[in-house]
Number of protein chains: 6
Amino acid sequence: MKPIVVVDPPRADRADVAELGRLGVATVFEAAGRTGLLGNLLRPAWAGAAAAGTAVTVLCQPGDNLMVHVAIEQVGVGDLLVITTTSPSCDGYVGELITTALAARGAAGLVTTTGIRDVAAITKAGFPVWSQWVSAQSTVRATAGSVNVPIVIANTVVWPGDAVVADDDGVVAVPRLRTAEVVQSGRQREAKEEQSRAAFASGELSIDRYDLRPQLDRLGVRYVRADSGEADTDLGEN
Amino acid sequence: MKPIVVVDPPRADRADVAELGRLGVATVFEAAGRTGLLGNLLRPAWAGAAAAGTAVTVLCQPGDNLMVHVAIEQVGVGDLLVITTTSPSCDGYVGELITTALAARGAAGLVTTTGIRDVAAITKAGFPVWSQWVSAQSTVRATAGSVNVPIVIANTVVWPGDAVVADDDGVVAVPRLRTAEVVQSGRQREAKEEQSRAAFASGELSIDRYDLRPQLDRLGVRYVRADSGEADTDLGEN
Amino acid sequence: MKPIVVVDPPRADRADVAELGRLGVATVFEAAGRTGLLGNLLRPAWAGAAAAGTAVTVLCQPGDNLMVHVAIEQVGVGDLLVITTTSPSCDGYVGELITTALAARGAAGLVTTTGIRDVAAITKAGFPVWSQWVSAQSTVRATAGSVNVPIVIANTVVWPGDAVVADDDGVVAVPRLRTAEVVQSGRQREAKEEQSRAAFASGELSIDRYDLRPQLDRLGVRYVRADSGEADTDLGEN
Amino acid sequence: MKPIVVVDPPRADRADVAELGRLGVATVFEAAGRTGLLGNLLRPAWAGAAAAGTAVTVLCQPGDNLMVHVAIEQVGVGDLLVITTTSPSCDGYVGELITTALAARGAAGLVTTTGIRDVAAITKAGFPVWSQWVSAQSTVRATAGSVNVPIVIANTVVWPGDAVVADDDGVVAVPRLRTAEVVQSGRQREAKEEQSRAAFASGELSIDRYDLRPQLDRLGVRYVRADSGEADTDLGEN
Amino acid sequence: MKPIVVVDPPRADRADVAELGRLGVATVFEAAGRTGLLGNLLRPAWAGAAAAGTAVTVLCQPGDNLMVHVAIEQVGVGDLLVITTTSPSCDGYVGELITTALAARGAAGLVTTTGIRDVAAITKAGFPVWSQWVSAQSTVRATAGSVNVPIVIANTVVWPGDAVVADDDGVVAVPRLRTAEVVQSGRQREAKEEQSRAAFASGELSIDRYDLRPQLDRLGVRYVRADSGEADTDLGEN
Amino acid sequence: MKPIVVVDPPRADRADVAELGRLGVATVFEAAGRTGLLGNLLRPAWAGAAAAGTAVTVLCQPGDNLMVHVAIEQVGVGDLLVITTTSPSCDGYVGELITTALAARGAAGLVTTTGIRDVAAITKAGFPVWSQWVSAQSTVRATAGSVNVPIVIANTVVWPGDAVVADDDGVVAVPRLRTAEVVQSGRQREAKEEQSRAAFASGELSIDRYDLRPQLDRLGVRYVRADSGEADTDLGEN
């Protein structure tokens, strides 16, 4: 793979991105047809962090953050830097200096499969960051990689310009050309979930609301009393 | 294993459960003879969460939360839902809708070996949840499982109706018929620990308080001065 | 290895230790020539914890904290207890009683590769603790180990008396005889980073500040427009 | 938990155990109603190892194999030693000496959640062993545990006297009082699988043999041609 | 994502696939520009297994192998079944019955991110299989998935019809339309490596053959004698 | 840490090294006072591999094997290359070319905490290699590291010139100046173990041979009959 920096890729619609951010990771994931989740290992640097932006992607060598510096120049207002490596790396690719630079450029946040450092300073600054590791181990700047090429995190492809939403539930990416559709679907889902929440809060049961009892019958689930002798346990030796 | 839902299993004594909750996970684990801990991977959704309740148990297939919906109907005031799967699953089995339903029924909390989602909403609502993962990845509702059968988490059997205590130290289960004994033992331990804490706060040494010096002698532990030449290090090449 | 307790090993200079603590883990790691980091698995018991002290080291058997009790007597004001085991152990070696004893002796904090328990009480007391696990599983007091011998954590040797600094970024150890040099180097680095931070905050790019463009040329990194047909993606099938 | 050694627990029927061994782990697991598997981390010390016996169970402290020595005396012809620990331990609990002693007593094999050592000698001797780890790290003999109490491995309870079957697929336990039933069910399954194998070998499709096509319809699975434009891919940016 | 089965996708050129198989995983990975490796967790069921084929891809729900049965019908001579799941699953998706069916259809092999079972039978039959787990835990057949859609394993996209090569080094996928190019590049690499091997076997040094000494100079690597006092060690306390 | 290559460090005595190799990893580990084991994650590339040599150590950056090429020149007859990285790396640092070069120089083997590739060729050549990973992912040659400095693997320091022994049980390092002592202790241990093995083979019990019964009494271990009602199980609900 030849190292390249793709300049000015098209971005997802800003209004869509903002609305996806309002809907949040769990709703967006559902609305996108249960796709786009970047796994379950990316955690916010500080509880309550939330962000939505358009992806500027970075592919680095393990232990080497040279291309992160290159990527900063490609970041504009509302972009969100998404970093991964050709082999797994837990090193601290990003700290206070890089998040300061990103904030100065109006970046919406940062997501990396590597480690980060300067967690206290990043928390104090309130810059939203998600990473798999926290590590003070710094990196070198010796080898080439690429910026704004499609990258893959947790088996999900992230293209430059895709919408990326992140909160306490993790990180989800929505393909650039699908954001309008996902916004629409997400709003419908939001409305429906609000109705369900109200119903459940007032005591309705989900097996009734979702009409699950016939399915339980088909699956052969039986209700038995605890003292009926049918409440068999299979733990042996009894 | 035939799928069953056991209705109205006997519950541990409410007053005992409340007292076990007051004693906390670490003391209860000790008082129960160092048994009942549900491993070290279950973490609270929000720092400071604490709960105690009687177990309503759920056994699901991986990636399928159908039986959680079935279990909600079996939950009464003071119950605590305990979920596990037949094979490991990191998916988000539970989110805001289900915790809302549980709260409406007076549930004491929720413990699951799977993932959860809607962490921000759950935190805001203050509903106490422990899980091994956070994941927006949702589940299907396609396959049968069981409710209120004995389940095993981290090699500890949890029976329906058992007392379950959870806090920042993790989760511990106490067999239903042993709660009175564990409460008594826990109170004794609590009193003794309070005395030890006061002693240690005022400078007493635990090797004296626990009379460990004779044991050190028996084990051949020697005290040497740093400059004595006996402080050998075994790191090689010196 | 014969079990020994080394009494009164020399400690790193107190003023240096304090200054290293002020500089923080990430800066100290860099200033020490990118050495001394105790891995990326040690996490603070409570967010925002920070500490610096001189190491009193403990080497225990797995599941056995006898030597922690022995070590407490060796702890003086400004010392920081550093615990590891001969084989990995996730058990709860330390809880409220031991941290109370350490606080009473003026200890600066505690670092352990094992688990801890009583997290709520430790958090409330504000005693700074780093561990790899949280676990209510307690230990026995049956087997010998050593105190104030060199121990190895995450492939870094920690000698008794070394400076140990810990914060939200993890834990770093500085050899006792190198603290003055690392303080000096750390201050220089701090000044330089402050300048960089100011520059980045006002919009300067790190690829310019660090003069990385010639290196990108040497490495063959090319800038291409998104619509140029050169923005090749290698995802197959297109 | 008080340390005890239970003497002469009843054993599963020898003929049943032998037949379960002939059927093999995968068939026995199915025949037992998809229960009893001791997880997926226990691997044979040498490829091709296979064994079936009646469990003599051992519960040890981490890093301490005292109770393994105690257990050997309780092992008779056809027994299979099953070892676990109160906390996870990867140490080498068992090596050539202990397997020699077991072989001399007519043991059928050994299963342990810990490590083993002397793999070359064990392989040469052909004694069947399953473990989670290989480690030369030896253990101490300092703390009490129990023999022939129920233990839990990978969330499955193993009672003394249970049938245990192990081969290249892992290890499965069958409750002592269920062996006849599982043998019968296993033979039926074996016959049925033999017919299926013959059918598949001659080209029959499992979707036909298991009549899965109607289910695919119900689930909405559609067949589309690759060149139809319906073979949508959701990888973004196309 | 709507569940679909894509019928008769175009396959990579058979002769290219065979040649890629001859070149082997490591050479193909390099020849493809260091892309296409399906991670480092897929291991052969038996040492020495090697295979090359065109991918028939399967995307299943966790714990559910329904779509594997559907996929078998889509497998032709020279195809290689590649299975993954929407969430991680270690269950035994494939055993002797399915591999028998695949062999009957002329399949080249099977790769799955899940578990497999019947390892002894598969080994005896010599059918080449790679998996991440071995587990007798079987699956249900309840939920829809897709066949011959692009899937992602270890962050590499595998398209139906891609060339897949597997041996003791793991598994690599080559996009269908790139096989000719990779074959050519692989043969050149093979020739070059054969020359290097001969050179190294006769004592030439790689730092000379690859002309690395000038780079070492640039990087500031210094050669020092062991007894020179410059062989500094940074282990502290010396 | 300045990158250096230490030339001609003193080596451990050749005859001692050979004898340590004959004794094997488990015996050497014990004879060295239960020290020196390089963890439990290093596995041989092929079953039955065994080697003993004097360490030539290599410290690389993650994803970069430049210094391995540098190290080859420092390898003489009977040396064993020991590679680790400043941050964890699972990449394939070593393949057929490097092992060919090492064999040509008379190297005794290779140990690396990284991945290896060309496993089939290495196996065929019979060159003994231990690694933590198998991966075709190759590395770059861009960044400096050091050769023949002390390195740390699994918390054990390996100095250049140390004796390193590896077999199916893993890898152990013996400090250069301790080899004679460890040989002597190892031979004594070997003789003693041979006597124990003979005793156990003829039916003697280890609790008698090691006189463990008094200790069991002291620890309060009680023998109870299975039908005595004292064989309490603590699994709840019975």
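The residues listed here are D:191, D:163, D:198, D:180; of these, the one that is within 14 Å of chain A (Cβ to nearest Cβ), of a type in the set (Gly, Ala, Ser) and over 15 Å from residue D:112 (Cα atoms) is D:163.
Only one of the listed residues (C:80, C:97) is out of contact with any strand residue (DSSP E or B) (no Cβ under 9 Å at 6 or more places or on another chain), of a type outside the set (Phe, Trp, Tyr) and under 25 Å from residue C:144 (Cβ atoms). That residue is C:97. Applying the selection to the range B:124-138, what residues are over 22 Å from residue A:156 (Cα atoms) and crowded, with 19+ Cβ neighbours inside 10 Å? Within the range B:124-138, B:127, B:128, B:129, B:130, B:131, B:132 meet the criteria.
When you scan the range B:35-58, do you find a residue that is without any contact (Cβ under 8 Å) to a residue 24 or more places away in the chain and on the phi > 0 side of the Ramachandran plot, even just one? No, there is no match, as no residue in the range B:35-58 is without any contact (Cβ under 8 Å) to a residue 24 or more places away in the chain and on the phi > 0 side of the Ramachandran plot. Residues in the range A:172-188 that are surrounded by 24 or more Cβ atoms within 10 Å (Cβ to Cβ) and touching a Pro at 6+ places or on another chain (Cβ under 9 Å): A:182 only. Just one of (1) in contact (Cβ under 8 Å) with a residue 12 or more places away in the chain; (2) at the interface with another protein chain (Cβ under 7 Å from one of its Cβ atoms); (3) in contact with a strand residue (DSSP E or B) (Cβ under 6 Å, 6 or more places away or on another chain) trips up residue E:224, so point out which. It is condition (1) that residue E:224 fails. Of all residues assigned to the range F:214-232, none qualifies as being of a type outside the set (Gly, Ala, Ser) and on the phi > 0 side of the Ramachandran plot. Residue F:132 falls short on exactly one of the conditions (1) more than 7 Å from every other protein chain (Cβ to nearest Cβ); (2) over 21 Å from the mean Cα position of the chain (by Cα); (3) not in a helix (DSSP H, G or I), and that condition is (2). On the basis of being open to solvent by 10 Å² or more (accessible area, probe 1.4 Å) and closer than 27 Å to residue F:120 by Cα, does residue E:141 make the cut? When the stated conditions are applied, residue E:141 does not pass them.
The values are calculated or read from the model by the stated rules, or taken from the named source; none is laboratory data. Computed from a predicted structure; not experimentally measured. Here Cβ is always computed from backbone atoms with ideal geometry, including for glycine, and neighbour counts include all displayed protein chains. The area values use the complete protein model at the heavy-atom level, side chains included, leaving out ligands, DNA and RNA. Shrake-Rupley method; radii C 1.70, N 1.55, O 1.52, S 1.80 Å.
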